[in-house]
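These notes concern the structure reproduced below.
Read-outs throughout are calculated quantities, based only on the coordinates presented, and are distinct from any laboratory measurement. Remember, predicted model here, so these are calculated numbers, not experimental data. Methodologically, a virtual Cβ is constructed for each residue, glycine included, from the backbone with ideal geometry; neighbour enumeration extends over all protein chains shown.
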Ligand SMILES: O=P(O)(O)OC[C@H]1O[C@](O)(COP(=O)(O)O)[C@@H](O)[C@@H]1O
Ligand SMILES: [Mg+2]
Ligand SMILES: [Mg+2]
C-alpha cells in the first residue's frame, strides 16, 4: 500500500487520512519483519521499564512506539497519544489529525511467538492536545489494527465498512482482500480470562456459567473457549468466525473498570466491530455512545456477534436473585 493507494482513492478517503494510514502500514510492515527476526539481533521481549498504566514495558513496546512517532513526524498528525507516553506528544504543529495508538498490543506474548499487534484510532484535532482525545468515541474518523501473526494483516475502517488487507512479504505491501468484513452471526466460541471468575460481577458469572453448562444449561448447546491474551488476535478471530470477547471490571484492586483502555484499545476495536455488523459494549452500554474521560482510562469491554453481546447486556438487567441462582429462569435466553 502506498501513500496514494488507488483502493483508498476509490473509497473517497481524504488525503490526510490516507497518508496517515499508509504511514502506519509501512511501519507495521517493518515491525512484522523485525518480529519475524526476533532474537537474531534484538531481544524484543526483554523488560525495559514501566508505563503510565503500571504495565511492564518490553523492548518491543518502546521500539514500536518510537518507530510510529518517527514515521509520523512530518505527517498530518498533530497530536499523538500512546499507551507508552504519559501525555499527548505534539508531532506536526500544522497537522489536522490526532492519532491514539497502542503501539504493541499483547506484550505478554512477545517472547512466546504468539500473535501480537498494533491498534490505532484517528480523530480530527480538537482545540487543545487533550481535547483531541477526551471526546465522544463516535468522533473517530478511522480505526484499525495490524496483526503480527503467521500472516500480517491490517483491518481498517473509515466509517464505511471494515476492510481487510494482507501483507505480501514478497513485495512488502498490504493488499486489499476483503472490502466488506462481516462478523458472522452464529458462533459457539467465547473468550474470557476465566482465572478471574471469582472476581467477576454476578451477571458476567451467570453468563459464563450458562456457557460452561453447555447442552445441559439454559443455552441448550455446547460452547468452546479461547483466551489468547492479545486483544488484536481475539478481535481477528471474532471478525473472521464470530463469537464473543469479555474483559469485565472485577473486584481486584485496579481492575474495577477492567484492564483495557478506552482510547487506544476499546474505542477503535468497537468501531471496527460495529462497522462489521457486530456490537461492542461495556457489558451494558455501547462503547460508541461514550466519551473518553482520560487518556489512559480503562473500561469493561464486551464485543463480538451482535446477538451475543446483546444477551450479556440483558443479563445485566436481570434481578439479583436471577443471576445468583444456578440457571434460574435464564432458559428464556435459550440460543
Ligand atoms: O493478562 P490478562 O489480564 O488476561 O490481559 C490480557 C489483555 O491485556 C492486553 O495484553 C493489554 O494490552 P497491552 O499488551 O497493550 O498492555 C490485551 O491485549 C489482552 O486482551
Ligand atoms: Mg493493548
Ligand atoms: Mg500495548
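Explain nothing, just the number: relative contact order of region 6-178, from Cα pairs under 8 Å at least 6 residues apart, as a whole percent. Don't skip to the end; give the middle numbers.
Numbers: 317 pairs, mean separation 27.2, N = 173.
Averaging sequence separation for qualifying contacts and normalising by length gives 16 percent for region 6-178.
What is the projected area of the convex hull of the Cα atoms of the chain, averaged over all directions, in nm²? Let's see the in-between values first.
Working: hull surface 65.5 nm².
Convex hull of Cα atoms, orientation-averaged projection: 16.4 nm².
Taking 2.2 N^0.38 Å as the expected size of a compact globular protein, what ratio does the Cα radius of gyration of region 251-335 give against it, to two decimals? Spell out each step's value before the answer.
Details: Rg = 14.3 Å, N = 85, 2.2 N^0.38 = 11.9 Å.
It is 1.20.
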- In nm, spacing of pseudo-spin labels at residue 197 and residue 92 (7 Å Cα→C-beta vector): 5.2
- At a Förster radius of 56 Å, what calculated FRET efficiency corresponds to the Cβ-Cβ distance of residue 70 and residue 317, to the nearest 0.05? 0.70
- Roughly what percent of Cα-Cα pairs across region 6-178 reach past 27 Å? 24
- Using only alpha carbon pairs under 8 Å that are at least six residues apart, calculate the relative contact order of the chain and give it in whole percent. 15
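Could you sort 315-324, 96-105, 200-209 so that the peptide with the highest average Cβ count within 10 Å comes first and the rest follow in order? Don't jump to the answer; show the numbers that get you there.
On the way: 315-324: 14.7, 96-105: 26.3, 200-209: 20.4.
Top to bottom by mean Cβ count within 10 Å: 96-105, 200-209, 315-324.
Taking every DSSP beta bridge with both residues inside the chain, roughly what % is antiparallel (nearest 5)?
On the way: 45 of 55 bridges.
For the chain, the DSSP antiparallel bridge percentage is about 80.
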- The simple spin-label model distance between residue 127 and residue 170, using points 7 Å out along Cα→Cβ, in nm, is 5.4
- Message: Could you tell me how far the Cα centroid of region 92-166 sits from the Cα centroid of region 252-275, in Å?
- Response: 13
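Report the Rg/Rh value for region 192-246, based on alpha-carbon coordinates and the Kirkwood definition of Rh.
Values: Rg = 12.0 Å, Rh = 12.2 Å.
Here the Rg-to-Rh quotient is 0.98.
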- Query: Per the Kirkwood definition applied to all pairs of different Cα atoms, how many angstroms is the hydrodynamic radius of region 189-333?
  - Reply: 15.3
- Query: Which stretch or stretches of region 183-201 have amide N atoms under 15 Å from the point lying 7 Å from residue 114's Cα along the Cα→Cβ direction?
  - Reply: 191-196
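Gain in length, residue 222 to residue 185, computed as 0.36 nm per residue apart minus the alpha-carbon separation, to one decimal in nm? Let's see the in-between values first.
Working: separation 37, 0.36 × 37 = 13.32 nm, distance 1.64 nm.
That works out to 11.7 nm of additional length.
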